[in-house]
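Reading through the structure tokens given below for one structure.
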Amino acid sequence: METVRVLDRPEDFKKYGIKQEGLEAWEDGRRDSSDPGHGEIWYFDCSFEDGSTLVLGFRPKSVDHLMQPEDNPNVAINYTNKDGETFFDYRMCSIEESSFSKEKCDLTLGAHYLKGCNWDEYDVKVVPEEPSALVVDGKPSEDQSASVDLHFTAESKPFRPGTRIIDVGEGFYYNFICITRMQVSGHIHINGEDKEVAGAAYYNHQWFNISPAIAFHHWVWGRQNIGEYSVLIYDMVTRKSTGLVQIPLFTIDDLQGNRIFENTSSDNMRFEILDTYIEKVSGKEYPCALRYTFEGEGMKITYTIRDPQEIGVMYVYGDAPEPVKKQYDAMGLKPSYTRNLADTELTIESDGESQTVKGRMLYEFNFPA
């Protein structure tokens with residue numbers, strides 16, 4: 001890998017044996033190894049019709065185990081009820097009872113599984129276990145009584161930026177493929193709630209040989225349904241040692257799931273920070289008004305995010321014990337994170353016509369530096 005960029009040139013596709021059009025089933029199987037520093041996750045983010053949300057993560061290795069030379073297979077359940085109360089349930093599974101197919105999305109972690117079918121459909125099942133006090137990635141999990149039985153159907157085609165490989169410099173890579181719009185239905189029993197659920201979902205599959213918290217100076221990630229469109233923004237800025245290179249991934253799909261615009265480079269983009277504020281918990285300067293202008297494919301897209309309302313703040317550095325703070329200090333990091341609800345405005349100009357729609361988006365600003 002030669003420079004910080006999305007690997008999307010014809011020679012990149014040839015080198016890695018990847019088709020330029022269409023994804024194959026093997027691309028959703030296990031892509032990385034258990035070597036120290038390597039990690040992988042299959043991730044679902046669900047918004048149910050009753051206002052509750054559910055995040056599911058399937059990993060061969062937990063974040064705090066990345067530097068170890070073997071797997072510690074685990075399932076993460078992060079549920080927030082309609083009143084905003086959050087519940088964590090982690091499952092640690094033995095290597096002997098777990099498998100991760102390289103041919104397709106077919107994961108078994110003990111009695112739990114994730115099975116995908118050609119990027120179109122997915123089935124997830126997590127069953128109850130005996131209580132076991134765990135702390136995984138800094139989050140406590142004492143009650144493993146939750147059960148999840150869900151079916152997902154894609155409503156848009158997958159988004160694979162180039163070959164899906166992002167060269168983040170200095171021999172490191174970050175891989176990313178997602179499905180921005182899905183339907184989800186099924187049954188959950190979590191923290192005393194036993195119910196049938198239905199709603200919308202998002203899916204991504206990521207793998208890397210460097211922790212994203214080290215690879216990137218900061219990133220903005222969000223998705224929304226706005227007017228007749230669904231939008232994904234994943235704007236990554238690499239760490240200082242690689243030049244703070246901006247990699248703005250951006251897609252627009254219509255209601256029929258057709259991709260009408262996508263961007264994987266800053267070459268045809270103008271980025272503006274219109275206003276900032278001092279985040280009270282971390283003391284860092286955060287943007288509170290962002291504007292992206294993309295041009296390409298005969299279109300001009302303007303996307304503005306402004307007036308964020310913080311609904312979740314974590315100052316990972318400030319909350320860390322002294323030995324961990326010293327580790328962060330040695331790396332020049334002070335990780336912090338905000339989850340925000342913000343106003344958005346999308347303008348699409350094409351063929352001499354202009355359309356503007358407004359909405360609200362839930363997005364994260366992850367700020368490791």
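Brief remarks on what is shown
- Put simply, when 96-104, 334-342, 14-22 are sorted by average Cβ atoms within 10 angstrom per residue, most first, you get 334-342, 96-104, 14-22.
- Using a cut-off of 22 Å between Cα atoms, the listed pairs K61/K195; K61/K280; K104/K139; K125/K195; K61/K125; K15/K102 include K61/K195; K61/K280; K104/K139 as exceeding that distance.
- Projecting the Cα atoms of N118, Y90, G29 onto the charge dipole of region 1-126, computed from C-beta unit charges around the Cα centre, puts G29 farthest toward the positive end.
- Peptides ranked, highest mean first, by Cβ atoms within 10 Å: ranges 157-170, 356-369: 157-170, 356-369
- A simple packing score, the average count of other Cβ atoms within 10 Å per residue, orders the peptides 204-213, 279-288 as 204-213, 279-288, with the highest score first.
- Averaged per residue, the chain has 45 square angstrom of accessible surface, using a 1.4 angstrom probe with ligands and nucleic acids left out.
- The residues packed around F152, meaning those with a beta-carbon under 14 Å from its beta-carbon, carry a net charge of -4 if Lys and Arg are +1 and Asp and Glu are -1.
- Chain lengthening between R270 and T347 when straightened (0.36 nm per residue, less Cα-Cα): 26.3 nm
- Of the solvent-accessible surface of the chain, computed with a 1.4 Å probe over protein heavy atoms with every protein chain present, carbon and sulfur atoms account for 47 percent.
- Oblate is the label for region 61-202, because a/c, from the alpha-carbon gyration tensor with a ≥ b ≥ c as root eigenvalues, is 1.5 or above and a/b does not exceed b/c.
- Charge sum, other residues only, whose C-beta stays under 13 Å from Y202's C-beta, Lys/Arg counted +1 and Asp/Glu -1: -2
The values are calculated or read from the model by the stated rules, or taken from the named source; none is laboratory data. Here the structure is a predicted model, which means the values were calculated and not measured. Note that we place each Cβ from the backbone using ideal geometry, even for glycine, and neighbour counts take in every protein chain shown. Each accessible area value is taken on the protein alone, full model and side chains, heavy atoms only, with ligands, DNA and RNA left out. Shrake-Rupley method; radii C 1.70, N 1.55, O 1.52, S 1.80 Å.
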